[in-house]
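The values are calculated or read from the model by the stated rules, or taken from the named source; none is laboratory data. Note that the coordinates shown come from a computational prediction; the quantities given were computed from them, not determined experimentally. All Cβ positions, glycine included, derive from the backbone under ideal geometry; neighbour counts span all protein chains shown.
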Amino acid sequence: MVTDYRQYSFWLETCGDDLTPRPPLSKSAEVDVAILGGGFSGLWTAYYLLRDHPELSVAVVDRHIAGFGASGRNGGWCSGKFPVSAGSLIERFGVEHARDLMLAMCASVDEVGRVLEAEQIDGHFRKGGILSLARGAHQLPSIRSSYAQWARLGFGDRYRLLSAEESAERIHVANVHGSLFTADGASLHPGCVVRGLARAVERRGGTIYEQTEVTSFDAGSRARLVTAGGELRARRAVVLAGEAYLTRLPPLHRVLIPMYSLIGLTEPLTADQWAGIGWHDRESLSSQRLTVDYLTRTNDGRILFGSRGAPYRFGSVISDDQDRHAATHEHILRSLVDWFPALNGIRLTHTWGGPVGMPRDWMPTVSFDPASRLGTARGYTGQGVSTTNLAGRLLAGLIAGSRTGLETLPLVQHRSPNWEPEPLRWMAVRYMQSMFLKIDRADEQDRSRPFGTAIAEWIGRH
């Protein structure tokens, strides 16, 4: 398999590796822990297992290369937030469990930075925080509601509501009526991080097999990953950490759906352009749109603008042609200029995308069953850079039988319901995508929300 992996994202292109694949699994082998997936989930799990239990043998297999999936294509956010909102966490699990989870998420941001420093990985880690903007008066209730939810968890001192004027002191974005700021977030170069983490795993004795497709797996006394090159048998655990790509395995086809997130990256801005924008602290930016806006200022002076919107394909198809969707990338460029009118005429030098794994209840899962020797970490819904670190520590502790103090968190041993079979799945997801876009447009044009809004919001919550 000859592939130029640099084409999949700016991050992989500029990570400093030549991306030559490691050797594939060419004959059957036996290890203590066999991990499917060379992204953040699998690598963090391997890292913490080997760091705390160096006597274990650990092997990671990936269909392509380490960092090929979402770990090497994301928006560069390392966020203290979680895929499920604070309000929904309180509703599902109660204030105490919700607070413990969010404290663990905030600690995960710092843990990522700590490991990068300890392992001497230059991941461009910058803890500038997260600034959620209300672009238009109609978005103010959303940030105020979010602040109220965080305050219920006792996070009132970690979040701060800013006026339009206070927001403008941080960054000059058109039509901002206020914002919500937290310091619990960082930006980074995910390509450098994931590739550096792979090398850290190898330095600690782990083995990584690349261009090795797992065609099936077994649990129990014959726990193993099956590939064309041989079996990778596991004495202690098989870990399934392929995120959206797990849906290609028939037994896991409905545990997640692959939802595409697309990104555009500008050419480097001039000093004068940055002077007009501000953004000196490099906060991660978002608005309150249901169809999602997320922005990052890169280390080399570019603006990354990401959005959902690429249509879901019938049957949860994952294919390279979905990584770029002309209508969505045109929308991204228009949105960028809407945010920063002075950048009219700016050019996108890179466009890319990829699938994120979305569970039916939006709740990530970290589980391990010692009897079946089967573990998994999955379902980050696009919030995986920090959540995978938490998941990796949890899963490593569960496999090794060692306490981390995190075992009571709601995502541990969580079981999400399966997605509906087709065509119901396609109908529901495409309906949500269409309705969320219509709702955003109605709000921005000060029109009444369309008929069916309540149904779309109910599906989105359930």
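Conditions (1) within 17 Å of the chain's Cα centre (by Cα); (2) modelled with pLDDT under 95; (3) under 21 Å from F217 (Cβ atoms), marked per residue:
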| site | (1), (2), (3) |
| --- | --- |
| P355 | yes, no, yes |
| D369 | no, no, yes |
| G384 | yes, no, no |
| G397 | no, no, no |
| task | Determine if segment 281-299 includes at least one residue that is touching a residue at least 24 places away in the same chain (Cβ under 8 Å) and in contact with a His (Cβ under 8 Å, 6 or more places away or on another chain). | result | yes
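Among R297, R254, R302, which is the only one that is farther than 25 Å from H172 by Cβ and charged (D, E, K, R)?
Values: R297 fails: farther than 25 Å from H172 by Cβ; R302 fails: farther than 25 Å from H172 by Cβ.
Exactly one residue qualifies, and that residue is R254.
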| said: Go through segment 170-216 and report how many residues are surrounded by fewer than 21 Cβ atoms within 10 Å (Cβ to Cβ) and farther than 24 Å from F125 by Cα. | reply: 10
| task | Kindly provide the set of residues from segment 196-251 that are within 17 Å of P370 (Cβ to Cβ) and of a type outside the set (D, E, K, R), ordered by number. | result | F217, A219, G220, S221, A223, A234, A237, V238, V239, L240
| message | Take the conditions of a type in the set (F, W, Y), under 16 Å from E202 (Cα atoms), under 19 Å from the mean Cα position of the chain (by Cα) and at pLDDT 95 or above and apply them to W44. Does it pass? | response | yes
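Just give me the residues in segment 130-162 being closer than 18 Å to D281 by Cα and either out of contact with any Asp or Glu (no Cβ under 8 Å at 6 or more places or on another chain) or charged (D, E, K, R) (or both), in sequence order.
Keep residues of segment 130-162 that are closer than 18 Å to D281 by Cα, which gives 130-133, 158-162.
Listed by number, the residues that qualify are S132, L133, R158, Y159, R160, L161, L162.
Residues T376, T408, T404: which one is under 26 Å from L197 (Cβ atoms) and either at pLDDT 95 or above or of a type in the set (A, V, I, L, M) (or both)?
Details: T408 fails: under 26 Å from L197 (Cβ atoms); T404 fails: either at pLDDT 95 or above or of a type in the set (A, V, I, L, M) (or both).
One residue alone meets the criteria, T376.
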| strands (runs of 3 or more DSSP E) lying entirely in segment 1-118 (those with 1 or more residues that are within 30 Å of A148 (Cβ to Cβ)) | 77-79
| field | Selected residue (only one of Y260, Y245 is touching a Pro at 6+ places or on another chain (Cβ under 7 Å), among the hydroxyl-bearing types (S, T, Y), under 30 Å from W419 (Cα atoms) and buried (at least 17 other Cβ atoms within 10 Å of the Cβ)) | value | Y260
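With respect to I263, determine if the residue is at pLDDT 95 or above and touching a Lys or Arg at 6+ places or on another chain (Cβ under 6 Å).
Values: at pLDDT 95 or above: yes; touching a Lys or Arg at 6+ places or on another chain (Cβ under 6 Å): no.
Here the answer is no, as I263 does not meet what is asked.
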| query | Of the numbered conditions (1) over 28 Å from P355 (Cα atoms); (2) within 23 Å of the chain's Cα centre (by Cα), G72 satisfies every one except a single condition; which is it? | reply | (1)
| message | Pairs needed: first member in segment 301-313, at positive phi; second member anywhere, part of a loop (DSSP other than H, G, I, E, B); C-beta distance under 9 Å; at least 6 residues apart or different chains. | response | G301/P268; G301/L269; G301/T270; G309/T291; G309/V292; G309/H325
| query | Among the residues of segment 240-273 satisfying the criterion of being out of contact with any helix residue (DSSP H, G or I) (no Cβ under 8 Å at 6 or more places or on another chain) and charged (D, E, K, R), which is nearest to S216 (Cα to Cα)? | reply | R248
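Could you check, for segment 427-434, whether at least one of its residues is touching a residue at least 40 places away in the same chain (Cβ under 8 Å) and either loosely packed, with under 14 Cβ neighbours inside 10 Å or under 30 Å from G113 (Cα atoms) (or both)? Give the steps one after another, and end with the answer.
Kept after step one, since they are touching a residue at least 40 places away in the same chain (Cβ under 8 Å), are these residues of segment 427-434: 429-430, 433.
Cutting the leftovers down to either loosely packed, with under 14 Cβ neighbours inside 10 Å or under 30 Å from G113 (Cα atoms) (or both) gives us none.
No, segment 427-434 contains no residue that is touching a residue at least 40 places away in the same chain (Cβ under 8 Å) and either loosely packed, with under 14 Cβ neighbours inside 10 Å or under 30 Å from G113 (Cα atoms) (or both).
Condition check ((1) more than 15 Å from the chain's Cα centre (by Cα); (2) among the hydroxyl-bearing types (S, T, Y); (3) more than 30 Å from T182 (Cα to Cα)) across all residues:
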residue: Y5; (1), (2), (3): yes, yes, yes
residue: I35; (1), (2), (3): yes, no, yes
residue: H53; (1), (2), (3): yes, no, yes
residue: I65; (1), (2), (3): yes, no, yes
residue: A86; (1), (2), (3): yes, no, no
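Pick out, from segment 205-291, the strands (runs of 3 or more DSSP E) lying fully within it that include 2 or more residues that are closer than 30 Å to R302 by Cα. Quick ask: steps written out before the conclusion?
Working: elements: 207-209, 214-218, 224-227, 230-240, 257-266, 284-286.
It comes to 257-266, 284-286.
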| request: Those residues that are within 15 Å of A34 (Cα to Cα) and among the polar types (S, T, N, Q), I need them from segment 368-399; list them, please. | output: S372, T376
| said: Condition (residue is free of Cβ contacts under 8 Å to residues at least 24 places away in the same chain, in the same structural domain as R282 (by TED's automatic domain parsing), among the aliphatic types (A, V, I, L, M) and not in a helix (DSSP H, G or I)) applied to segment 164-179: is it met by at least one residue? | reply: no
| Considering segment 396-422 alone, what residues qualify as being within 16 Å of M363 (Cα to Cα) and in contact (Cβ under 8 Å) with a residue 60 or more places away in the chain? | T408, L409, P410, L411, S416, N418, W419
| Matching residues, segment 282-309, being within 16 Å of the chain's Cα centre (by Cα), at pLDDT below 95 and among the aliphatic types (A, V, I, L, M) | V292
